[in-house]
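Worksheet for the structure shown next.
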């Protein structure tokens, strides 16, 4: 396989991008959902609005869409504050295991967040950053703990 830059490209890696929208309210609480029936970290608390970027979609458009689909709230791209881009792996050796997650915070939205995907989430709740529920999806917990401490670096890694 030849890349557009003229070099060869190895088809063994598939990079999966995802958008995470961490809704925040004062005094420094975040909205989390309890995962169920997804096949990944079921029984763990996770960012309330998150999902894969679809073909032809920007990460900002994906973040707006996920907030609407999962929580019924409307946000604008201008209200998304970039937090970190995380390159992560579960270290399974599977080529599709390579992930890049784009985390945003958002303090302004229209509508009341509510649980819309009840087949994938069992509960929804606001939690202070200094009193997170247990368990939280590990790579997301790392971001939340960094938020509490003042914010993570622009680029982070997890699982390497």
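Taken together, the values in this text are just the output of simple stated rules run on the coordinates, not laboratory data. Nothing here was measured: the structure is a model prediction, and the numbers come from that model. Please note: Cβ atoms are built from the backbone with ideal geometry, for glycine as well, and neighbour counts cover all protein chains shown.
To keep it simple, each residue is scored yes or no on (1) within 13 Å of the chain's Cα centre (by Cα); (2) loosely packed, with under 15 Cβ neighbours inside 10 Å; (3) under 20 Å from residue 129 (Cβ atoms).
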{"residue": "23", "(1), (2), (3)": "yes, no, yes"}
{"residue": "61", "(1), (2), (3)": "no, yes, no"}
{"residue": "88", "(1), (2), (3)": "yes, no, no"}
{"residue": "96", "(1), (2), (3)": "no, yes, no"}
Checked the stretch 98-116 for anything under 16 Å from the mean Cα position of the chain (by Cα) and buried (at least 17 other Cβ atoms within 10 Å of the Cβ); matches are 99, 101, 102, 103, 104, 105, 106
Matching residues, the stretch 11-24, being in contact with a helix residue (DSSP H, G or I) (Cβ under 6 Å, 6 or more places away or on another chain) and part of a strand (DSSP E or B): 19, 21
Could you list, in sequence order, all residues of the stretch 25-58 that are touching a residue at least 12 places away in the same chain (Cβ under 8 Å), assigned to a loop (DSSP other than H, G, I, E, B), in contact with a helix residue (DSSP H, G or I) (Cβ under 8 Å, 6 or more places away or on another chain) and over 11 Å from residue 117 (Cβ atoms)? 28, 53
Residue 150 meets each of (1) within 16 Å of the chain's Cα centre (by Cα); (2) not in a helix (DSSP H, G or I) with one exception, condition (1)
Can you find a residue that is in a strand (DSSP E or B) and touching a residue at least 60 places away in the same chain (Cβ under 8 Å) anywhere in the stretch 134-145? yes
